[in-house]
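Presented below is the structure to which this report refers.
The values are calculated or read from the model by the stated rules, or taken from the named source; none is laboratory data. Nothing here was measured: the structure is a model prediction, and the numbers come from that model. Please note: Cβ atoms are built from the backbone with ideal geometry, for glycine as well, and neighbour counts cover all protein chains shown.
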Amino acid sequence: MFDELKQDVIEQSRVIGIDKIGFASVDVFSTLKERLKQQQENQYQSGFEKGTIEERTTPRKLMPEAQSIISIALAYPSKLENAPRSTKGDRRGQFCRASWGTDYHDILRDRLEQLGQFLKEKHPDAQYKIMVDTGELADKEVAVRAGLGFTGKNTVLITPEFGSYVYIGEMITNIPFEPDQPLEEDCGDCNLCVDTCPTGALIQGGQLNAQKCIAFLTQTKDYLPDEYRAKIGNRLYGCDTCQVVCPKNKGKNFHFHEEMEPDPDVVKPRLKPLLRISNREFKETFGPMAGSWRGKKPIQRNAIIALANYKDQTAVDELIHGMKHDPRPMIRGTAAWALGKIGSEAGKVAIQEAQEKESDESALAEMEKGLNYFRAPQS
C-alpha cells in the first residue's frame with residue numbers, strides 16, 4: 001500500500017511544482033552528530049542553528065511517531081536578465097542568488113503544505129511536520145540521505161540536474177515510505193571552491209567555518225571585523241563565490257517558478273539611497289526577500305562598506321550625514337571608517353567635528369580608524 005502511496009506522492013509533487021523529491025529513513029544522523037560536535041569544539045558555528053545536537057540529528061526527537069522523511073528541492077535562477085550596471089557615481093550592491101524573488105522559506109513551506117494535505121487526503125491517519133532551513137534538522141543531510149544530491153566541498157547540496165542552485169526542505173511523517181538510495185558521487189580532485197573562497201572559510205574535508213563565511217558575516221548586526229571589510233566587496237547579503245566557480249553549476253540556470261524571478265533593481269540596488277531608507281520603504285522594497293530577515297541595519301552597514309570599497313567620492317555627503325545624525329553607533333562608526341577609506345578632505349574635517357560630540361566608545365574607535373587613513377594612507 002505504501003509503495004503505491006509513494007508513487008502518488010511523487011506524481012503529485014510534479015503537479016504542484018516540486019522539481020525533485022526523495023525519501024529518507026529516520027535513523028539517527030550519526031556522522032553528522034560527530035561533525036557537529038567537532039564544529040562546536042572548533043567554534044565554527046554561526047549561532048543561527050536551531051536546537052541541540054541531539055535534536056538536529058535525531059528525527060524522532062522532533063516527532064516521536066516518525067517513520068520516514070520526504071525531502072524536496074526547487075531549482076532557482078542563477079542568471080540575472082537585464083542586470084543594471086554599477087557605474088562611477090551610481091554604484092550598486094548585490095544580494096546573493098538565494099535571496100532573489102520571494103523568500104524561499106515561504107515558497108517551500110507552501111509546496112510542502114500542499115504535499116502534506118495531499119498525503120492526508122490519501123491516508124487520513126497521516127501526520128507530518130514541515131521544516132525549511134530554520135528547523136532543527138539539517139536540510140542538506142536529509143536531502144543527501146534521500147538521494148537528491150551529494151555534499152560538495154563547498155558544503156552545499158549539489159544535484160545532478162540543477163547543480164547547487166536549489167532550495168531544499170523536508171517533511172517528517174509517520175508513513176513508513178521506502179527510503180531512496182543516496183548518490184555515489186563527489187567532487188573528485190576539484191578544489192576550486194576551497195581555493196577561491198575569499199576568506200578561507202571552507203576547511204579541507206568539507207567543513208565550513210561560519211565565523212569566516214561572507215554569507216554569514218553579511219547577516220551580522222555588529223561591526224564587521226576589519227579583516228573582512230575589503231573582502232565583502234559590494235555584497236549586501238550572502239555570497240555566491242563557491243557556487244559560481246563550481247564546475248557542476250556550469251550552464252545551470254532554471255526559471256521554473258515565477259515567484260523566484262528577481263527584480264534587477266531590487267537585487268542589485270543603488271547603494272546611496274540605502275543609507276537613508278526608512279523602515280517602511282525597506283519593508284516595502286525588500287520585505288518579500290529572504291535577505292531582509294535581519295532587518296535594514298546589516299544591509300545599510302554593508303552598503304556603507306561597499307561605498308568605501310568603491311572609494312565613491314559622490315557618497316561623502318551621505319556618509320557625513322549618517323556619521324553625524326544616525327542614532328545607531330555602529331552605523332555612525334562604520335560611516336566614519338568609510339569616510340577615512342574614501343579619503344576626501346571634507347570627510348576628514350567631518351570626522352574631527354563628529355569626534356567632539358560622539359560619546360559612544362565603539363563609534364569613537366571607528367572614527368580614529370577613519371582618521372588613521374589620512375595619517376598613513378592605505379590602499
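Points worth noting:
- Taking each residue of the range 1-28 that is farther than 18 Å from Leu183 by Cα and without any contact (Cβ under 8 Å) to a residue 40 or more places away in the chain and looking for partners that are part of a loop (DSSP other than H, G, I, E, B) and of a type in the set (Ser, Thr, Tyr) with beta-carbon atoms closer than 9 Å, six or more apart or interchain, yields Val28/Thr58.
- Within the range 170-188, not a single residue is in a strand (DSSP E or B) and surrounded by fewer than 19 Cβ atoms within 10 Å (Cβ to Cβ).
- Within the range 278-298, no residue that is closer than 10 Å to Asp103 by Cβ sits with its Cβ atom under 6 Å from a residue that is of a type in the set (A, V, I, L, M, F, W, C) and loosely packed, with under 14 Cβ neighbours inside 10 Å at 6+ positions apart or across chains.
- Of Ala346, Ala354, all but one fail to be farther than 20 Å from Gly233 by Cα and surrounded by fewer than 17 Cβ atoms within 10 Å (Cβ to Cβ); the exception is Ala346.
- Residue list for the range 203-215, restricted to those being hydrophobic (A, V, I, L, M, F, W, C), modelled with pLDDT under 95 and either in a helix (DSSP H, G or I) or in contact with a strand residue (DSSP E or B) (Cβ under 7 Å, 6 or more places away or on another chain) (or both): Leu208, Ala210
- Residue in the range 50-68 that is modelled with the highest pLDDT, counting only those that are farther than 21 Å from Asp106 by Cβ and within 24 Å of the chain's Cα centre (by Cα): Thr57
- Yes/no for Ala73 being within 27 Å of His123 (Cα to Cα), of a type in the set (A, V, I, L, M, F, W, C) and either outside any loop (DSSP other than H, G, I, E, B) or at pLDDT 95 or above (or both): yes
- Filter result for Ser86 (more than 15 Å from Ala143 (Cα to Cα), small (Gly, Ala, Ser) and touching a residue at least 40 places away in the same chain (Cβ under 8 Å)): yes
- One residue alone among Asp133, Asp106, Asp139 is surrounded by fewer than 21 Cβ atoms within 10 Å (Cβ to Cβ) and modelled with pLDDT under 95, and that residue is Asp133.
- Among the numbered conditions (1) touching a residue at least 60 places away in the same chain (Cβ under 8 Å); (2) of a type in the set (Ser, Thr, Tyr); (3) surrounded by 17 or more Cβ atoms within 10 Å (Cβ to Cβ), the only one that Thr314 does not meet is (3).
- Of the residues making up the range 130-167, those that are aromatic (Phe, Trp, Tyr) and not in a loop (DSSP other than H, G, I, E, B) are Phe150, Tyr167.
- Looking only at residues of the range 119-138 that are charged (D, E, K, R) and touching a helix residue (DSSP H, G or I) at 6+ places or on another chain (Cβ under 9 Å), we find that the one that is farthest from Cys190 (Cα to Cα) is Lys122.
- Looking across the range 189-215, not a single residue is of a type in the set (Val, Ile, Thr) and loosely packed, with under 14 Cβ neighbours inside 10 Å.
- Selection of first residues in the range 141-153 that are charged (D, E, K, R) and of second residues that are assigned to a helix (DSSP H, G or I), restricted to Cβ pairs under 6 Å at least 6 apart or on distinct chains, gives the following pairs, ordered by first then second residue: Glu141/Leu32; Lys153/Cys193; Lys153/Val194.
- Looking at the range 274-379, the helices (runs of 4 or more DSSP H) lying wholly inside it that each contain 2 or more residues that are of a type in the set (S, T, N, Q) and within 30 Å of Glu258 (Cα to Cα) sit at 279-286, 296-310.
- Residue in the range 31-38 that is among the acidic types (Asp, Glu) and touching a residue at least 40 places away in the same chain (Cβ under 8 Å) present: no
- Set Glu353, Glu366, Glu318: member being closer than 20 Å to Gly89 by Cβ and in contact with a helix residue (DSSP H, G or I) (Cβ under 9 Å, 6 or more places away or on another chain): Glu318
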